[in-house]
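To start, the structure itself, in C-alpha cells.
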Amino acid sequence: MLFCGAGFSLDCINSKDSNPLLAKELAKEICKLGSMDEDEDLRYVSDFFIEKKPDSIDILVNFLKSIYTLKDVPLAIENICKHNWRRIYTTNYDNAIELASTKVGKIRTPISLTDDPKIYSKENNICIHINGYIDHLNYSNINEDFKLTASSYVSSDEFEESGWYYCFKKDLENSNAIVFIGYSLYDIEIAKILFKGNY
C-alpha cells in the first residue's frame, strides 16, 4: 500500500511551468490573489477569501487548478507508479499519481471521499484523494469536498466517517508493506487513525 503526502509532488511541473505549492506558499499566493494582508495560515486565508470575496471564487478555483494540474513528473515518481500497489492513498490535490501511472502504461482512477466505496473498493487501480482531487474541484464544492478552508476541516473525523475508512483500515491490516512518501503527519486526522491502530 502506498500513502503520499505533499513532499511526493514537490519536483513535479504544473501548467504554469512551476512546482506545486506547499500550504504556506499557497496561503501567501491566495493573499496576493485577494489583495489581502500576507498570512501563512492556509485554512484561515482561504476561509477569509471565500467569505469576503464570493464573486472571486471562480478566480480562486482557476488559480488552484493552474497550480495543482501537473503536466510532468520526475522519473522517480514514474518508477514508483510502475508497481502494482494494493491501493494508493494521498492527501494531495494534484494529479501526479494519475499522470505518472499513465506514462508507465497504467490507468489509475482518481477517487474522492464522496465516491461510493461499494463501486470501487474491489479495484486496485485507484488513487483515493483524501483531501479532494483537483480535476473534481469546482465553484460549488470548494468549501465541502475540497479540504482547503478551516470550515472544511471542522469535522476532523470526516475520513473516519466516510465509507473509505473501512477500506483504509483493511488495507493497513492486509498489506505486506505500507510505504509513506513525502508525508509528515501534518494531517491530524490520518495521524490519529494510525496512532489508534498502533501502525
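The values are calculated or read from the model by the stated rules, or taken from the named source; none is laboratory data. Just so you know, these numbers come straight off a predicted model, no measurement behind them. In this analysis, Cβ positions are derived from the backbone assuming ideal geometry, glycine residues included, and neighbour counts consider all displayed protein chains. When the accessible area is computed, the model is the full protein with side chains, heavy atoms only, and any ligands, DNA or RNA have been set aside. Shrake-Rupley method; radii C 1.70, N 1.55, O 1.52, S 1.80 Å.
Looking only at the stretch 139-153, filter to residues that are among the aromatic types (Phe, Trp, Tyr) and either touching an Asp or Glu at 6+ places or on another chain (Cβ under 6 Å) or assigned to a loop (DSSP other than H, G, I, E, B) (or both); which one of those is most open to solvent (accessible area, probe 1.4 Å)?
Pass one, the stretch 139-153, residues among the aromatic types (Phe, Trp, Tyr): 139, 146, 153.
Restricting the remaining residues to those that are either touching an Asp or Glu at 6+ places or on another chain (Cβ under 6 Å) or assigned to a loop (DSSP other than H, G, I, E, B) (or both) gives 139, 146.
Working: Tyr139: 129, Phe146: 5 Å².
The qualifying residue most open to solvent (accessible area, probe 1.4 Å) is Tyr139.
Specify which of the listed residues (Asp41, Asp47, Asp116, Asp17) is closer than 26 Å to Phe168 by Cα and either in contact with a Pro (Cβ under 7 Å, 6 or more places away or on another chain) or not aromatic (Phe, Trp, Tyr) (or both). Break it down stepwise before answering.
On the way: Asp41 fails: closer than 26 Å to Phe168 by Cα; Asp47 fails: closer than 26 Å to Phe168 by Cα; Asp17 fails: closer than 26 Å to Phe168 by Cα.
Sole residue among the options that is closer than 26 Å to Phe168 by Cα and either in contact with a Pro (Cβ under 7 Å, 6 or more places away or on another chain) or not aromatic (Phe, Trp, Tyr) (or both): Asp116.
Which of the residues that make up the stretch 164-187 are among the small types (Gly, Ala, Ser), modelled with pLDDT of 90 or more and under 19 Å from the mean Cα position of the chain (by Cα)?
Gly182
Go through the residues of the stretch 45-55 one by one and say whether even a single one is open to solvent by 50 Å² or more (accessible area, probe 1.4 Å) and of a type in the set (A, V, I, L, M). First the steps, then the outcome.
Filtering the stretch 45-55 down to residues open to solvent by 50 Å² or more (accessible area, probe 1.4 Å) leaves 48, 51-55.
So of that shortlist, the ones also of a type in the set (A, V, I, L, M) come out as none.
Scanning the stretch 45-55, I find no residue that is open to solvent by 50 Å² or more (accessible area, probe 1.4 Å) and of a type in the set (A, V, I, L, M), so the answer is no.
Just name the residue that is modelled with the lowest pLDDT out of those in the stretch 99-124 that are surrounded by 13 or more Cβ atoms within 10 Å (Cβ to Cβ) and of a type in the set (A, V, I, L, M).
Of everything passing the filter in the stretch 99-124, Leu113 is modelled with the lowest pLDDT.
Under 14 Å from the mean Cα position of the chain (by Cα), within 22 Å of Ser184 (Cβ to Cβ) and not aliphatic (A, V, I, L, M): is that true of Thr91 in this structure? Walk me through how you get there before you give the answer.
Values: under 14 Å from the mean Cα position of the chain (by Cα): yes; within 22 Å of Ser184 (Cβ to Cβ): yes; not aliphatic (A, V, I, L, M): yes.
Judged against the criteria, Thr91 is a match.
Looking only at the stretch 72-88, which residues are in contact with a Leu (Cβ under 7 Å, 6 or more places away or on another chain) and open to solvent by less than 20 Å² (accessible area, probe 1.4 Å)?
Correct list: Val73, Ile88.
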